[in-house]
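Single-structure report; data block below.
The values are calculated or read from the model by the stated rules, or taken from the named source; none is laboratory data. In this text, all values refer to a predicted model and were calculated from it rather than measured experimentally. With ideal geometry, Cβ positions are generated from the backbone for all residues, glycine too; neighbour counts draw on all protein chains shown.
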Amino acid sequence: MKKINSHNKLLLLSTILTLFLTVNLSAQVLQWGKQTEGNINQYDNKMHLDTDPDGNLYLAGKFEGTLELNLNGDGSYTVQDFHPPNVGSPIFIAKYDASGSIIWAFAIGALESDGYDFFDINDFHIDKDGNIIIVGAYECYPDQGIDFDPGSGTTLLIGPQSTAYAAKYDTNGNLLWAFPYYAVNSINGGINGAYQELSGADTDDAGNIYLTGRVTAQVLGPGIELTVDLNPLGTEESVNIAGALVAKYSPDGLLQWYKIYPRTDGFAPQGSVGKKIALDTDGNIFATGFFSRIVDFGNGFTNEDDQSTVGTYLLKLDSSGNTTWMILLDNDILDLGAMVPLSILSTSSNNVVLAGLFDNTVDFDPGPGVATLTSFETTSGVFDDDGFIVSYDTDGNYRWVHHVGGGTSDERVFSLAENSDGDVFATGDGHTGFFLEKLEAQSGASLALYEEGIDIALGYEVVITSNNIMYLVGKVFQDSIDVDFGSNEHFIQFYPNNNNYESLFIARYDASQLPTGIENYDDVIPGDFQLKQNYPNPFNPSTTIEFSISSSEYVSLVVYNLIGEKVADLVNEYLPAGAYRTKWNAENLPTGIYIYKIAAGNFSESRKMLLLK
């Protein structure tokens, strides 16, 4: 082993001290937090966020009245709700740079003389070139439509109840194309009100677009049918069956292939509804939704031999749309809304993570094992909705499941994201209100990064970029929330108005400085309090710290630099007696000596560690 003599030790320490005195080392978790002025629609949980490869940020959703989209609040970028009274809300899309400064924004909806009952944006995706894909559904008044062109031109898509749509804009917000799905009656060619919807979108590196949703078409009798054209921008491709849809389109919006999953009994109402879709790194497709009755999921996969008749499905398809495996999750009650997938994530290791809401009891392990969750049951015997997050490997084998909620209010998980270590982040509406959780990649062990009080706020979406920058978007509907996860405070304030709508906030974080999670690694209750030396030490860039507490205490574990600045909060929560370990990643900090300090009840201790890069 190479030894360091006393002269070299002094030289090394001198160099480290110089670094600390000349560089600002106060690593901040929160980089900025801002909010819009105006009203987002209080009844629609459909606010969306994404980033492009250049680090720009895109935001989309529904709003009411006048919405100021300049997060600096100088009134320079407002969008106006121009729809007639008592009809649906319009949609806005805005682009920001990495500092949160607005680049452009626009609103789309019906023309001033037209109207519609609703206009929903169900998914929102930015491709590798910065193009914007939006999908959803709308319902127009008879012979009216939605103008998808934010410029001087008009691209009016007509459609009855309910029409599905997809639209693509370039990175400057210019419309490239838009198309609708709606049913046509074969007798007179008239548009029929059968329900169509697109709910999920993803893209590959070539710019191809993958969509999922529902199609409602059917044969009504001899020579009479309702058909839906799935290729509105190209050669007609009409179908006359109902079910969940998975389809691939070219970058120009032309249909490449499609799959529909109908009921096997031939009955007209769809037996399945597509909700979310994601691609893995090999070009395979994960698609999820919910089903009722017996459904043909393609390539010989069906639930005909399964006892489940209502539940959630998860499919893996190859690049041509052929089903390679199927997972069915059911709760044994005939309630189609009792289990709904709201988010899907294909991880860097090609595992899949699914999240949403459920009630009653569900076994999340499709194999011989049992991984059962039960939602909160009220004193009257009614089950509330709770949130779930479940992970499967690339072959469909169960990995882990996490229960969100268990309180007296409904819980939902709206969004999932992955950091550079493969850990999963989730946000939504929990029993304590707005929450952000981190789940360890291999075990699913969870760490609550943020929880806010009931009826104050909720989280819509979390996004993490390739360089570990995390964006969080949510809403505040009373009081205010502190969006700084560190020792500082940064409050987002709710501004009430006569309509009692909500305020939208966006926050940017350095995800590498977030707490890394805590593991209880020993079932034996320790006899005393102890803080152990980190290992490895020296380290680069990650190290493990172990500690033990002999009684239940509120525990704080903090890392400081040599001039006393806090650089990381590793633990800040109430823990039962036990032996714990946590990891710290210092990839964004320079070489140097750091001090970690624990405080638990009357116990306090500090130790030193050395980061060598």
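Cβ-Cβ under 6 Å, sequence separation 6+ or interchain: first residue in the range 566-577 and over 12 Å from Leu514 (Cβ atoms) and buried (at least 16 other Cβ atoms within 10 Å of the Cβ), partner modelled with pLDDT under 80 and not β-branched (Val, Ile, Thr). Which pairs?
Lys566/Ser487; Val567/Ala27
Filtering the range 274-320 down to residues that are part of a loop (DSSP other than H, G, I, E, B) and in contact (Cβ under 8 Å) with a residue 40 or more places away in the chain, which residue is nearest to Asp204 (Cα to Cα)?
Gly283
Residues that are under 13 Å from Glu418 (Cα atoms), within 13 Å of the chain's Cα centre (by Cα) and at pLDDT 60 or above: find the strands (runs of 3 or more DSSP E) completely inside the range 434-496 holding 1 or more of those.
Values: elements: 446-451, 457-464, 469-476, 480-482, 491-493.
In the range 434-496, the matching strands (runs of 3 or more DSSP E) lie at 457-464, 469-476.
Only residues that are closer than 24 Å to Gln196 by Cβ and surrounded by fewer than 21 Cβ atoms within 10 Å (Cβ to Cβ): list them for the range 126-139, please.
Asn131, Glu139
Take the residues of the range 514-562 that are part of a loop (DSSP other than H, G, I, E, B) and acidic (Asp, Glu): which is nearest to the chain's Cα centre (by Cα)?
Per the stated criteria, the residue is Asp523.
Tally up the residues in the range 359-382 that are at pLDDT 80 or above and surrounded by 13 or more Cβ atoms within 10 Å (Cβ to Cβ), please.
Let us first name the residues in the range 359-382 that are at pLDDT 80 or above, namely 359-375.
Checking the rest, the ones that are also surrounded by 13 or more Cβ atoms within 10 Å (Cβ to Cβ) come to 359-366, 371, 373-375.
Residues flagged as at pLDDT 80 or above and surrounded by 13 or more Cβ atoms within 10 Å (Cβ to Cβ) within the range 359-382 amount to 12.
Conditions (1) at pLDDT 85 or above; (2) of a type in the set (Gly, Ala, Ser), marked per residue:
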position: Ala107; (1), (2): yes, yes
position: Phe118; (1), (2): no, no
position: Pro142; (1), (2): no, no
position: Leu156; (1), (2): no, no
position: Ser162; (1), (2): no, yes
position: Tyr169; (1), (2): yes, no
position: Gly173; (1), (2): yes, yes
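Of everything in the range 583-595, what is within 27 Å of the chain's Cα centre (by Cα), outside any strand (DSSP E or B) and among the polar types (S, T, N, Q)? Give them in sequence order.
Asn588
When the residues of the range 586-596 are filtered to those that are farther than 22 Å from Gln530 by Cα and out of contact with any Phe, Trp or Tyr (no Cβ under 8 Å at 6 or more places or on another chain), which remaining residue is surrounded by the most Cβ atoms within 10 Å (Cβ to Cβ)?
Our first condition is that a residue be farther than 22 Å from Gln530 by Cα; within the range 586-596, this holds for 586-592.
Imposing the further condition that a residue be out of contact with any Phe, Trp or Tyr (no Cβ under 8 Å at 6 or more places or on another chain) reduces the set to 587-591.
On the way: Glu587: 14, Asn588: 14, Leu589: 21, Pro590: 13, Thr591: 16.
It comes out as Leu589.
Right, Thr591: within 16 Å of Ser548 (Cβ to Cβ) and among the β-branched types (Val, Ile, Thr) or not?
no
Restricting to the range 158-176, count the residues that are outside any loop (DSSP other than H, G, I, E, B), buried (at least 19 other Cβ atoms within 10 Å of the Cβ) and not basic (Lys, Arg). Spell out how you get there, then give the answer.
Going residue by residue through the range 158-176, those that are outside any loop (DSSP other than H, G, I, E, B) are 158, 163-169, 175-176.
Subsequent filtering for residues that are buried (at least 19 other Cβ atoms within 10 Å of the Cβ) retains 163-169, 175.
Keeping just the survivors that are not basic (Lys, Arg) gives 163-167, 169, 175.
Residues that pass the stated criteria total 7.
Taking the range 519-548 as the region of interest, how many residues are modelled with pLDDT of 90 or more, surrounded by 13 or more Cβ atoms within 10 Å (Cβ to Cβ) and of a type in the set (Gly, Ala, Ser)?
1
Of the conditions (1) assigned to a strand (DSSP E or B); (2) at pLDDT below 90; (3) surrounded by fewer than 23 Cβ atoms within 10 Å (Cβ to Cβ), Ile146 clears all except one; give me its number.
Status for Ile146: all satisfied but (3).
Of all residues in the range 383-405 being small (Gly, Ala, Ser) and in contact with an Asp or Glu (Cβ under 6 Å, 6 or more places away or on another chain), which is surrounded by the most Cβ atoms within 10 Å (Cβ to Cβ)?
Pass one, the range 383-405, residues small (Gly, Ala, Ser): 387, 391, 396, 405.
Okay, now just the ones that are also in contact with an Asp or Glu (Cβ under 6 Å, 6 or more places away or on another chain), so 387, 405.
Details: Gly387: 28, Gly405: 26.
Residue satisfying both the conditions and the ranking: Gly387.
Being part of a strand (DSSP E or B) and surrounded by fewer than 17 Cβ atoms within 10 Å (Cβ to Cβ) is the filter here; which residues of the range 600-609 pass it? Walk me through how you get there before you give the answer.
Just the residues of the range 600-609 that are part of a strand (DSSP E or B), to begin with: 600, 603-609.
Listed by number, the residues that qualify are Ser604, Glu605, Ser606, Arg607, Lys608.
Could you list, in sequence order, all residues of the range 563-582 that are closer than 18 Å to Gln533 by Cβ and either of a type in the set (Ser, Thr, Tyr) or more than 25 Å from the chain's Cα centre (by Cα) (or both)?
The initial filter retains those residues of the range 563-582 that are closer than 18 Å to Gln533 by Cβ, namely 568, 570-571, 579-582.
Residues satisfying the conditions are Ala568, Ala579, Tyr580, Arg581, Thr582.
In the range 287-335, what residues are of a type in the set (Asp, Glu), over 16 Å from Gly356 (Cα atoms) and at pLDDT below 85?
From the range 287-335, those of a type in the set (Asp, Glu) are 296, 304-306, 318, 330, 332, 335; that's our starting set.
Narrowing further to those that are over 16 Å from Gly356 (Cα atoms): 296, 304-306, 318, 332.
Across the range 287-335, the qualifying residues are Glu304, Asp305, Asp306, Asp332.
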